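Okay, so here's the structure we're looking at.
Bear in mind that the values in this text are calculations on the coordinates, not laboratory data. This is a predicted model, so every value here is computed, not measured. Cβ atoms come from the backbone with ideal geometry, glycine included; neighbour counts cover every protein chain shown.
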Amino acid sequence: MAVNEAVPIADIPIPKVVPHLTEAESKAKGKEARAKVPRDSQGDFTAWPERPDPVSLLGEQATTRVPELVPIRYGRMLVSPFTFYRGAALIMASDLSTTPRSGLNAQICGDAHLSNFGIFGSPERSLVFDCNDFDETNPGPWEWDVKRLAASFAIAARNMGFNKAVRTETLLDVGRVYREAVRLMATMTNLEVWYSHVEVDTAVELIRAEALRTKSKDAQHIAATATKLIEKARTKDSMRALDKLTTVVNGERRIISDPPLVVPAEELWPHIEAERQLNVFHEVLRRYRSTLQTDRKHLLEQYTFSQLARKVVGVGSVGTRAWIVLLHGQRPDDILFLQAKEAEASVLERFTKKSKYDNHGARVVAGQRLMQASSDIFLGWQRNVGVDGVTRDYYVRQLQDWKGSVDVENAIPAGMKAYAGLCAHTLARAHARSSDRVAIASYLGSNPTFEKALVRFSEKYADQNERDYEKFAKACKDGRLHAEEGL
């Protein structure tokens with residue numbers, strides 16, 4: 001974890017003695033896990049009799065969120081079974097806690113569905129593909145991430161009307177690519193695994209070459225889509241955010257008010273004088289700045305705070321406090337947009353172990369740096385006492401930095417299968433950085449037992465998700481929950 005002497009010591013866990021197994025011991029550990037928890041059992045899922053009510057679990061989460069934003073969250077989840085699934089990380093974590101687990105852990109994402117992977121710019125200014133949401137990250141069973149990823153493809157494929165044969169082929173690929181990638185990384189050195197990453201430009205060139213070689217219409221479609229995606233991603237930077245989110249008022253750049261989705265701080269708290277607000281925001285930035293590496297701290301210090309606004313983001317995250325911070329340098333075109341997002345306890349902590357980090361912002365940052373091949377240079381954390389007197393944790397990153405995501409809802413079957421493999425490979429690489437990859441590779445073995453089990457689990461869980469969605473939709477219709485759609 002990249003920190004310096006200024007980082008609050010309470011946020012950094014005390015190091016423990018790290019055991020070092022031989023390769024033979026790790027292989028034996030994996031085979032022992034397989035004997036106790038057969039790979040075929042990973043396909044098991046039955047809703048247990050005491051299963052918590054999914055609507056009640058969502059209601060529990062709402063108690064700590066901004067009350068006027070919770071209906072927007074429900075409205076976004078109500079669009080389809082897939083958007084419901086995106087907001088149901090707690091529900092699935094509860095379900096996964098009742099399923100067989102190998103006992104082999106890694107730093108896991110906790111919400112590794114297909115929409116939480118994407119493109120962004122590395123510090124070296126190349127486009128990379130990686131997992132990009134770590135709100136729920138915590139050490140836990142590697143299977144949970146793989147199952148959440150695979151189930152998301154089953155649910156999305158149903159949403160698009162793909163038949164069972166297409167779904168099965170896609171889900172088999174998730175399991176196969178994950179298994180083969182872990183087995184490959186088990187043969188690599190620690191440094192080779194650490195430096196491993198997916199460069200988007202290189203991947204797209206390979207896709208284009210394949211399209212030219214095969215003359216396949218599907219391959220040509222995938223190549224054209226990928227090319228458009230990276231071209232669009234390179235335009236999504238701070239300047240684009242500036243054009244979209246701000247306007248010039250009396251010669252000064254100001255964030256555009258668009259309630260309830262974007263609300264400047266001065267509108268949220270009109271009773272607090274501007275000077276006092278400014279002092280509070282400066283103190284928040286100072287605490288955040290202390291969590292950055294020395295060189296990045298120096299870079300941030302060259303910017304001046306301009307304005308703060310609350311912004312609604314995502315689907316499952318709606319209702320948690322998310323802020324955009326506008327900063328500017330000496331020139332009008334030298335601007336920086338940061339996003340500070342509230343970090344609560346991971347949904348995994350109820351079912352695994354309590355985080356070893358005192359600050360949940362620090363937990364998110366540590367997990368992201370451990371799992372991602374390349375992280376935002378402004379990634380940091382802070383703790384703040386709100387105007388309501390409640391202390392909350394936040395993590396901070398750039399609002400937009402060459403960000404791009406795959407439009408899965410308009411994907412063709414071949415494109416979905418290719419994307420499934422890319423996500424699975426990326427997840428395997430992320431897990432390999434923190435786990436005993438040799439033991440996991442030994443557990444998975446060389447035959448397709450695990451991926452066949454994964455298909456069964458994913459289809460069963462897609463059925464369960466549909467039942468939960470129906471309960472949720474009924475609760476919205478009956479007035480148990482209030483949903484605001486279209487926002």
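Give the angle, between 0 and 90 degrees and rounded to the nearest 10, that separates the Cα long axis of helix 449-478 from the longest principal axis of the Cα atoms of the chain.
Tilt of helix 449-478: around 40 degrees.
Considering only C-alpha atoms, what is the centroid distance from segment 328-354 to segment 106-163, in Å?
18 Å
Rounding to the nearest 10 and keeping the result within 0 to 90°, find how far the Cα-based axis of helix 142-159 lies from the longest principal axis of the chain.
Approximately 90 degrees, to the nearest ten.
Starting from the Cα coordinates of segment 238-398, work out the convex hull volume and express it per residue in Å³.
138 Å³
In terms of Cα to Cα distance under 30 Å, which lysines are near enough to K356, apart from those fewer than 8 places away along the same chain?
K16, K27, K29, K31, K36, K147, K297, K311, K341
By how many nm would the segment from L299 to E267 grow when fully extended, if each residue of separation counts as 0.36 nm and the alpha-carbon distance is taken off?
So the extension gain works out to 8.5 nm.
Grab the beta carbon distance between R213 and L278, set R0 = 60 Å, and tell me the FRET efficiency rounded to 0.05.
On the way: r = 60 Å, r/R0 = 1.00.
Plugging the Cβ-Cβ distance into 1/(1 + (r/R0)^6) gives 0.50.
Can you give me the distance in nm between label points at N250 and Q220, each placed 7 Å from the Cα along the Cα-to-Cβ direction?
5.9 nm
Given 0.36 nm per residue, what is the gain on full extension from K31 to E485 after removing their alpha carbon distance, in nm?
On the way: separation 454, 0.36 × 454 = 163.44 nm, distance 4.97 nm.
In short, 158.5 nm is gained.
R0 = 35 Å: FRET efficiency of V390 with I412, Cβ-based, nearest 0.05?
0.15
What is the order of W144, W381, W48, fewest Cβ neighbours within 10 Å to most?
Lowest count first: W48, W144, W381.
With point charges of +1 on the Cβ of Lys and Arg and -1 on the Cβ of Asp and Glu, referenced to the Cα centre of the chain, which listed residue (G103, T137, A224) lies farthest in the positive direction of the dipole?
Farthest towards the positive end: G103.
Compute the distance in nm between two label points, each set 7 Å from the Cα along the Cα-to-Cβ direction, one at E50 and one at R331.
6.4 nm
Using alpha carbons only, how many degrees (0 to 90, rounded to 10) separate the axis of helix 217-233 from the longest principal axis of the chain?
30 degrees
Given a Förster radius of 60 Å and the C-beta distance between N447 and K477 as r, what FRET efficiency does 1/(1 + (r/R0)^6) yield to the nearest 0.05?
0.80
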